[in-house]
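The values are calculated or read from the model by the stated rules, or taken from the named source; none is laboratory data. Remember, it's a predicted structure, so these values are computed and weren't measured experimentally. Backbone-built Cβ (ideal geometry, glycine too); neighbour counts: all protein chains shown.
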Amino acid sequence: MRTHRTYRVVSPLALLILIASCSKHERAPHEPDAAAAAAPAMAEAAADAGALAAPAPQARSRQALPPPAPGVAASQLASDALVQADPQRRFIRTAQAAFQVGDVYRTALAIEDEAAAQGGFVLDNDIQAQVQRVESRSLGDGRRLELSEYRLQGTLTVRVPSDRTQAFLRAIAAQMEFLERRGFHARDAQFDLLRQQLARQRAQETQQDLGDAVQAGGRLGDKAGAIQSRDAARASRDEALVAQKEFEDRVAFSTITLSLRQDAQVRKAERVDVDAVFRDNGPGFFRRLGEALAVGWRGGLEAVVALAALWPLWLVVFAVVFGWRRWRRKPAAA
């Protein structure tokens with residue numbers, strides 16, 4: 001009877017211990033699954049945080065944009081006179097531009113490089129500094145501060161292929177700070193070409209006729225004159241050929257004259273004060289006083305000598321004075 005009661009008390013306790021141990025064993029295998037399930041959530045949260053921290057694509061692209069170039073707009077150096085083409089016409093293109101730049105020497109080098117890149121070349125490059133005014137003041141100790149206001153100006157003449165003229169001008173627009181003047185010209189030179197072709201043809205015909213006349217025979221004097229005339233015809237033919245080549249070159253390459261200038265600048269330099277140096281190294285007071293007295297004495301002597309050289313004048317003056325006094329002393333008539 002007592003034994004049966006003990007069994008009833010122990011059995012529920014053992015059952016509770018068994019259930020608790022089973023639940024622990026069941027949770028242990030599932031813990032890695034929970035961590036694995038939480039990993040994607042943590043990764044997604046980290047991605048969201050990174051997305052919030054990173055700048056928007058539009059904002060990043062705005063920051064990457066370069067600042068606007070400070071030059072003249074390329075459209076200001078565009079014209080149909082530089083690009084128009086007609087198979088029946090031949091154009092001689094020229095252009096002129098005057099503009100202000102930040103650095104004359106740097107811009108001149110950039111223009112030369114661009115002309116070479118476009119297949120052209122430079123005819124001349126002339127840069128000079130024009131001094132506007134000069135002021136100076138003494139610094140003491142034989143030194144003088146000199147301030148010079150000057151302005152750099154340059155003129156470049158370049159030649160580029162006619163079909164690349166507008167591209168060249170657009171490329172150098174970024175070198176300009178202010179466009180003062182520009183001009184484009186396209187001269188129709190088809191009649192000039194025709195005139196040169198006809199001149200060349202005449203020269204060839206004249207040479208042929210003279211050659212036939214020489215071969216036909218005749219007197220020696222006539223032959224000599226014919227030979228000279230033939231040489232003159234050959235010279236005319238050569239000149240016509242050179243003129244045609246020059247014309248073709250002017251058509252193939254445009255001529256561009258560029259005038260560039262820079263803002264006024266001030267040059268500061270220390271110079272030797274020559275006047276101060278001579279003054280500081282000159283004679284002392286007493287020496288200068290002695291020299292002044294000597295100069296005065298010599299001047300007085302020179303004055304006496306000059307007055308002595310005028311003795312005829314003094315003689316006339318003495319005679320006039322003597323006569324006037326005698327006349328004053330003469331008693332009045334009764």
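Below, the figures for the structure above:
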| read-out | value |
| --- | --- |
| Criterion violated by Ala116 - all others in (1) assigned to a loop (DSSP other than H, G, I, E, B); (2) within 22 Å of the chain's Cα centre (by Cα); (3) at pLDDT 70 or above satisfied | (1) |
| Conditions (1) at pLDDT below 90; (2) among the acidic types (Asp, Glu); (3) within 27 Å of Val251 (Cα to Cα); number of the one not met by Asp141 | (3) |
| Residue in region 98-114 that is more than 28 Å from Val266 (Cα to Cα) and either free of Cβ contacts under 8 Å to residues at least 60 places away in the same chain or surrounded by fewer than 13 Cβ atoms within 10 Å (Cβ to Cβ) (or both) present | yes |
| Given (1) under 30 Å from Gln130 (Cα atoms); (2) exposed (fewer than 12 other Cβ atoms within 10 Å of the Cβ), index of the condition Gly282 fails | (1) |
| Check on Ala129, within 30 Å of Ala276 (Cβ to Cβ) and within 17 Å of the chain's Cα centre (by Cα) | yes |
| All positions within region 163-176 that are in contact with an Asp or Glu (Cβ under 9 Å, 6 or more places away or on another chain) and either closer than 12 Å to Leu260 by Cβ or of a type in the set (Asp, Glu) (or both) | Ile172, Gln175 |
